[in-house]
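Written out below as structure tokens is the structure these notes cover.
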Amino acid sequence: MARLPVYLRSLLEVAATDTPTISSERLAEMAGVNAAKVRKDLSYLGSYGTRGVGYDVEYLLFQMSRELGCTQDWPVIIVGVGNLGHALANYRGFSDRGFPVGALVDADPAKVGERVGELVIRHIDELPAIVAELGTSIGVVATPPAAAQDVADRLVAAGVCSILNFAPAVVAVPPDVSLRKVDLAVELQILSFYQQRRSPGSMVAAAVPPPLAEPQADVLVPTVVPATLAVTLEAPS
């Protein structure tokens, strides 16, 4: 499941060049996995390709888009319009991939009514009405950690069943609610761990085994967090 969005992104790049077919070897190279894993993953979609020809790019795109629920748009509600919320709201890549930002919500009365792009920030008390207006939607928590659980509870109470949490806090949701967490600080700490191992004279270099050959093969985060945010993100507020 975590690899499918990576395959989809790779296929979109290939489709943009009007290439009709792609081999499992080429798709594996683009996705950072091995060809056997690609063939096994695609077999679950009922796609086996043609020996000597490869996979039909357009048909494979359709299969993956259908499996990932990307054949329709899913409106996104961003709760918490601080530095991170603004950056997410202004990122055009979400709409391009079928996740238009449908609403911006904040608990700060001073921010309510402020315009960000084409949207006006609404008060968090309006969440039930917003969800009713947008229909099935995805909630994004971009608040300080202390407010994350309350926001998640409000989203669930309003009828949101899919939540992406950017707040650096552990959030609990009911079993029927899908929750994904993106903690940029944790990702940086993981990188700093490996960076330290590369430093001359590092004590951990000899004690810790090297990372796996495919450290990002099963990671969903790169498809969710736009690289363009790297220069705009500060602590959520």
> Among the listed residues V81, V33, which satisfies the condition of being more than 19 Å from V6 (Cα to Cα), within 23 Å of the chain's Cα centre (by Cα) and in a loop (DSSP other than H, G, I, E, B)?
Replying inline: V81
> Where residues in segment 46-67 are charged (D, E, K, R) and outside any helix (DSSP H, G or I), which of them is modelled with the lowest pLDDT?
Replying inline: R51
> If we keep just the residues of segment 39-53 that are surrounded by 17 or more Cβ atoms within 10 Å (Cβ to Cβ) and out of contact with any Asp or Glu (no Cβ under 9 Å at 6 or more places or on another chain), which is nearest to R26 (Cα to Cα)?
Replying inline: R39
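Residues are listed down the side, and each one gets a yes or a no for (1) more than 23 Å from A158 (Cα to Cα); (2) touching a residue at least 24 places away in the same chain (Cβ under 8 Å); (3) in contact with a Leu (Cβ under 6 Å, 6 or more places away or on another chain); (4) in the same structural domain as R39 (by TED's automatic domain parsing):
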{"residue": "E58", "(1), (2), (3), (4)": "yes, yes, no, yes"}
{"residue": "Q63", "(1), (2), (3), (4)": "yes, no, yes, yes"}
{"residue": "V76", "(1), (2), (3), (4)": "no, yes, no, no"}
{"residue": "G82", "(1), (2), (3), (4)": "no, yes, no, no"}
{"residue": "A87", "(1), (2), (3), (4)": "yes, yes, yes, no"}
> Does any residue of segment 85-108 turn out to be under 30 Å from S10 (Cβ atoms), in a strand (DSSP E or B) and of a type in the set (S, T, Y)?
Replying inline: no
>> I need a count of the residues in segment 10-38 that are exposed (fewer than 15 other Cβ atoms within 10 Å of the Cβ) and under 13 Å from V57 (Cβ atoms).
In response: 6
>> Being within 23 Å of A142 (Cα to Cα), outside any strand (DSSP E or B), without any contact (Cβ under 8 Å) to a residue 24 or more places away in the chain and among the charged types (D, E, K, R) is the filter here; which residues of segment 177-202 pass it?
In response: D183
> Counting only residues that are over 20 Å from G82 (Cα atoms), at pLDDT 95 or above and not in a helix (DSSP H, G or I), how many does segment 133-174 have?
Replying inline: 7
>> I'm trying to understand the selection: among the residues of segment 54-87, which are surrounded by 21 or more Cβ atoms within 10 Å (Cβ to Cβ) and aromatic (F, W, Y)?
In response: Y55
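The values are calculated or read from the model by the stated rules, or taken from the named source; none is laboratory data. If you're wondering where the values come from, they're calculated on a predicted model, not measured in any experiment. Ideal geometry is used to build each Cβ from the backbone, glycine not excepted, and the neighbour counts take in all protein chains shown.
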